[in-house]
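Written below as structure tokens is the structure these notes are about.
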Amino acid sequence: MNDSAILEPKPGSLNGARIWLSGSVPEPGNSTSEEREAIVEFVSRFSDIVFRLGGHILHGSHPSFTPTLLREAAKHQENGGRKDCLTLCVSRYFSKDSRQVPLNEWEQICTVYETPESFGADSRDKSLQILRKWMSARCDVVVVLGGKWWEQIDGRSGVPIELELAIERGVPCFLLGGLGGVVRDYLVRHAHVLSSLRNGLDDVRNSAIATETDVPSLAKTVSDQLLRLPL
């Protein structure tokens with residue numbers, strides 16, 4: 001068997017597909033406990049499905065998602081799965097503080113990639129911009145959920161910025177607004193974005209996904225559609 005045959009994805013699998021999981025658990029003041037629990041549950045269920053199907057998840061190391069992703073990656077490896085099922089991407093702006101970002105611990109469970117730190121004015125935002133561009137250039141699809149507002153300023157929230165980067169690249173996107181957070185508010189203000197997701201679904205089906213609140217159903221719907229895409 002030649003190398004190209006070995007690398008071809010098997011039917012019903014996500015072999016080689018890189019899914020950027022964009023988002024975070026929103027602030028208590030802007031969400032209910034049920035919404036926050038549902039977002040974490042989705043991260044757990046969805047990552048488990050992706051790992052079992054042979055896919056890879058990329059995430060920007062947000063502390064509200066990272067523990068759940070690491071736990072699911074560890075479980076996957078205990079069952080014989082690969083370490084590179086999960087890549088945590090982090091800017092050196094944050095990772096230089098080992099108390100907040102325990103790289104040595106993460107590297108025991110998953111792949112870790114550090115992007116360079118920016119200096120000078122707006123170093124935080126510029127460092128995050130480098131990180132986001134790195135992830136957007138290496139993903140095959142983006143799944144967006146939750147998200148926090150930064151001082152209630154639309155342009156400073158990471159989720160819309162990451163979504164726009166993906167749309168610019170023509171990457172298939174899924175917006176899970178029914179679980180709350182910035183994604184829900186963003187869709188209220190920018191409903192036209194449903195026509196730009198390029199995920200193989202029409203506006204009616206994307207609207208249904210964007211308002212779905214049942215986590216098991218949502219995880220299955222998104223993963224089933226991923227299997228239909230030429231990732």
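Write out, first by first residue and then by second, each pair whose Cβ atoms fall under 8 Å of each other, whose residues are 6+ apart or on separate chains, and whose first residue, in the range 86-115, is within 20 Å of residue 76 (Cβ to Cβ) while the second is among the acidic types (Asp, Glu) and surrounded by fewer than 18 Cβ atoms within 10 Å (Cβ to Cβ).
110/84; 111/84
Which numbered condition in (1) part of a helix (DSSP H, G or I); (2) touching a residue at least 60 places away in the same chain (Cβ under 8 Å) is the only one that residue 148 fails?
All conditions are met except number (1).
So if I check each of 181, 177, which one is at pLDDT 95 or above, more than 22 Å from residue 51 (Cβ to Cβ), buried (at least 18 other Cβ atoms within 10 Å of the Cβ) and under 16 Å from the mean Cα position of the chain (by Cα)?
177
Could you please let me know if residue 99 is in a helix (DSSP H, G or I) and either over 30 Å from residue 214 (Cβ atoms) or under 17 Å from the mean Cα position of the chain (by Cα) (or both)?
When the stated conditions are applied, residue 99 does not pass them.
From the residues in the range 71-89 that are buried (at least 19 other Cβ atoms within 10 Å of the Cβ) and either out of contact with any Gly (no Cβ under 7 Å at 6 or more places or on another chain) or among the charged types (D, E, K, R) (or both), which one is nearest to residue 129 (Cα to Cα)?
Applying the filter and picking the extreme gives 88.
Considering only residues that are assigned to a loop (DSSP other than H, G, I, E, B), modelled with pLDDT under 95 and of a type outside the set (Gly, Ala, Ser), which ones fall in the range 118-144?
119, 122, listed by residue number.
Would you tally the residues in the range 197-210 being at negative phi and within 18 Å of the chain's Cα centre (by Cα)?
5
The values are calculated or read from the model by the stated rules, or taken from the named source; none is laboratory data. This one's a predicted model, so the numbers in the text were calculated from it and none came from an experiment. Note that we place each Cβ from the backbone using ideal geometry, even for glycine, and neighbour counts take in every protein chain shown.
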